[in-house]
Amino acid sequence: MSSDDAQQGEAGGEDQGRTVRVVLVDDHRMFRTGVQAEIGRTEQTRVEVVGEAADVDQAITVITATRPEVVLLDVHLPGGGGVEVLRRSAAMMVDPERPVRFLALSVSDAAEDVIGVIRGGARGYVTKTITGTDLVDAIFRVSDGDAVFSPRLAGFVLDAFASTDAPPVDEDMDRLTQREREVLRLIARGYAYKEIAKQLFISVKTVESHVSAVLRKLQLSNRHELTRWAAARRLV
């Protein structure tokens, strides 16, 4: 997103008289800082950033304390991912007086990530290539209850929910947290624990813990069985 885009992204028309309060949830501090700099100039954008969080527990604490109109939510977060934030925010999402609405903002355009957060209650999903102008517009639209998707994602979201031959929900995958799924894919692709730790910015010990959890939840014995399981679901 460019700063010029954010300057052009002033809420127009009927939105001029109101401000949308937003919480940023993303585990990359520099990205949060960049979004804050671009959309958080309230006089221009009519968006007020009232809080930030870097993991699931922080997100729930900040969202509960501030009760924003919109939460910009990353899909991949320490503590269970965006789907866990949505699960723990279910009551706030359906509050008839002050509903908190969620807009996923992620680098991922994987189908399972999109469907996972939409199934969890998010009102939309946009990728981090979005411009400042479009992000401000998406925030206002989501605050009004609209559904918003990046153009490339909208088609398969509709197909996934409307098609009569859409694949059934994978209950085994639903048992795994977002981070466990990431580790699962990398293990299945042959990455060593050290390589996974480096790629995901976590410790080797944490990788080992995630692998143990995946094996336990899927009732598998070793990484070879895990690789076959992932290959059968075309996750490799």
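What number do you get for the range 179-236 when its Cα radius of gyration is normalised by 2.2 N^0.38 Å, N = residues?
Details: Rg = 10.3 Å, N = 58, 2.2 N^0.38 = 10.3 Å.
The range 179-236 yields a ratio of 1.00.
Take Val94 and His224, extend 7 Å from each Cα along the Cα→Cβ direction, and tell me the distance between the two endpoints in nm.
4.7
Which distance in nm do the two modelled labels at Glu112 and Arg87 give, with both placed 7 Å along the Cα-to-Cβ direction?
Once both label points are built, they end up 1.5 nm from each other.
Within the range 108-134, what residues put their amide N at less than 19 Å from the label point 7 Å along the Cα-to-Cβ vector of Ala147?
The answer is 109-127.
Would you work out the charge dipole size for the range 30-159 about its Cα centre, treating the Cβ of every Lys and Arg as +1 and the Cβ of every Asp and Glu as -1, and quote it to the nearest 20 debye? The partial results should precede the final answer.
Working: 13 positive and 19 negative charges, 21 e Å.
The dipole magnitude comes to about 100 debye.
For the range 13-99, what size does the Cα cloud have along each of its three principal axes, sorted from largest down, in whole Å?
38, 34, 19
Net charge near Arg32: determine it from the other residues with C-beta under 13 Å of the C-beta of Arg32, scoring Lys and Arg +1 and Asp and Glu -1.
Numbers: positive: Arg29, Lys128; negative: Asp26, Asp27, Glu38, Glu52, Asp55, Asp74.
Net charge in that neighbourhood comes out at -4.
How large is the accessible surface of Arg223 in square angstrom, using a 1.4 angstrom probe and rounding to the nearest 10?
80
May I ask you to list the GluC sites (Glu not before Pro) in the range 53-124 that are in a DSSP loop and have at most 15 other Cβ atoms within 10 Å of their Cβ?
On the way: sites: Glu69, Glu84, Glu97, Glu112; in loops: Glu69, Glu97.
Those satisfying the criteria are Glu97.
The values are calculated or read from the model by the stated rules, or taken from the named source; none is laboratory data. Bear in mind that the values here come from a model prediction, so they are computed numbers and not experimental data. Using ideal geometry, Cβ is built from the backbone for each residue, glycine included, and neighbour counts are taken over all protein chains shown. Each accessible area value is taken on the protein alone, full model and side chains, heavy atoms only, with ligands, DNA and RNA left out. Shrake-Rupley method; radii C 1.70, N 1.55, O 1.52, S 1.80 Å.
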